[in-house]
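Below is one structure; the comments refer to it alone.
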Amino acid sequence: MSTVIDGRKTAAEVVEKVKALTADLAAKGVSAPGLGVVPGLAVVIVGEDPASQVYVANKSRTAKECGFHSVQHTLATDTGEADLLKLIGELNADPAIHGILVQLPLPGHIDSSKVIQAIAPEKDVDGFTYVNVGKLGAGEAATAFVPCTPAGSMLLIERVRGRDLSGLNAVVIGRSNIVGKPMANLLLAANCTVTVAHSRTKDLAALARTADILVAAVGRPEMVKGDWVKPGATVIDVGINRIPAPEKGEGRTRLVGDVDYAQAAEVAGAITPVPGGVGPMTIAMLMANTVVSACLAAG
Ligand code: GUN
């Protein structure tokens, strides 16, 4: 049986560090004696997607727990692109805000790329602007904001495999801008041999079986089966899918990942559960990026 990678525990450790840094910043007296900097995070949600509402509420709550100035902008589904861009402009100019997050997906009538690219790169704690994407791609992650889910996944991988991942075979299933591509870049920066698989990949199961580190980020419930997993591999399941659970009663649902956990746990060396694996890390890394942004702003 494999080691269960406890994302809640690691996330709680990251949040404790963020709280300590926040307290340091507050005590420092940056702009005047006794007048420290309070990290400010603005979270913007447009529309009423239930999953997004839960994620955003968790982000705002954790920001408050960390001692941040936490602001949530909840906008109606029919909000115009121009109004959203205006809000981004105001947040860019607001010295009390160090991090801006626009929850994705946005409603179809809004050009997501235009909105994301309007965020000032130094406040882009999601790491989605071209400046931050480019730095990561150019091997300069140390000076970039790295997207939270892949950054958190790397931390979990390092927890079980140590910091030296050199020469390991990594397979990332999924090529999204939010997870797959930045994850591949981080693994590459850690000297892994990286393959990015996607819906057109041929014989995905055989490819997955070559992976010492297997990352599943496709959004397809329990797609990765036990016989896709190399014995001893580290399996990172980024998927969060809600599926019907008739065994729990009429109309009930349950959360599953992109990996068939019961099967994969028989073969893997270590595996993240869903829930309680990568999910909590995403929020913790958002807090980490925001406090770093506040530290940089404080000079
Ligand atoms: N939607 C799903 N994951 C994310 C994320 O990490 N950031 C934002 N902004 N939206 C998301």
Working out 0.36 nm times the residue gap between residue 53 and residue 247, then minus their Cα-Cα distance, what length gain in nm do you get to one decimal?
67.2 nm
Neighbour cut-off at most 15 other Cβ (10 Å), DSSP loop, GluC sites (Glu not before Pro), the stretch 1-88
48
Between residue 112 and residue 193, take the C-beta separation as r, use R0 = 35 Å, and let me know the FRET efficiency to the nearest 0.05.
0.60
Rounded, prolate or oblate, given the Cα gyration tensor of the stretch 148-279, with a/c below 1.5 counting as rounded?
prolate
log10 I(q)/I(0), Debye, Cα-only the stretch 1-160, no solvent, q = 0.17, 0.18 Å⁻¹?
-1.17, -1.27
Pick out, in residue order, every one of the trypsin sites (Lys or Arg not before Pro) in the stretch 176-279 that is DSSP loop and has at most 14 other C-beta atoms within 10 Å; say none if there are none.
200, 202, 225, 252
Which residues in the stretch 128-157 place their backbone N less than 19 Å from a point set 7 Å from the Cα of residue 20 along the Cα-to-Cβ direction?
155-156
Per-bin percent of Cα-Cα distances, the chain [10 Å]:
6, 26, 33, 24, 9, 1, 0
The stretch 122-206: D in µm²/s via Stokes-Einstein (Kirkwood Rh, Cα pairs, 4 °C, 1.567 mPa s)?
98 µm²/s
Computed Kirkwood radius, in angstrom, where 1/r is averaged over Cα pairs of the stretch 37-120:
13.0 Å
Select from 39, 121, 50 the residue whose mean-square fluctuation is largest in a Gaussian network model of the chain (Cα-Cα springs shorter than 10 Å).
50
Any idea what the dipole of the stretch 148-279 comes to, in debye rounded to 20, about its Cα centre with Lys/Arg Cβ at +1 and Asp/Glu Cβ at -1?
300 debye
Rounded to 10°, Cα long-axis angle of helix 180-189 versus longest principal axis of the chain:
90 degrees
Hey, in the GNM for the chain with a 10 angstrom Cα cutoff, which one of 193, 22, 143 fluctuates hardest?
143
Which of the residue pairs 135/225; 17/59; 19/86; 181/202; 64/135 have a Cα-Cα distance greater than 23 Å in the structure shown?
135/225; 19/86; 64/135
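All of the numbers you see were taken from the coordinates with simple rules; none came from a lab. All values derive from a computational prediction rather than experimental measurement. Every residue, glycine as well, gets a Cβ built from its backbone with ideal geometry; the counts of neighbours run over all protein chains shown.
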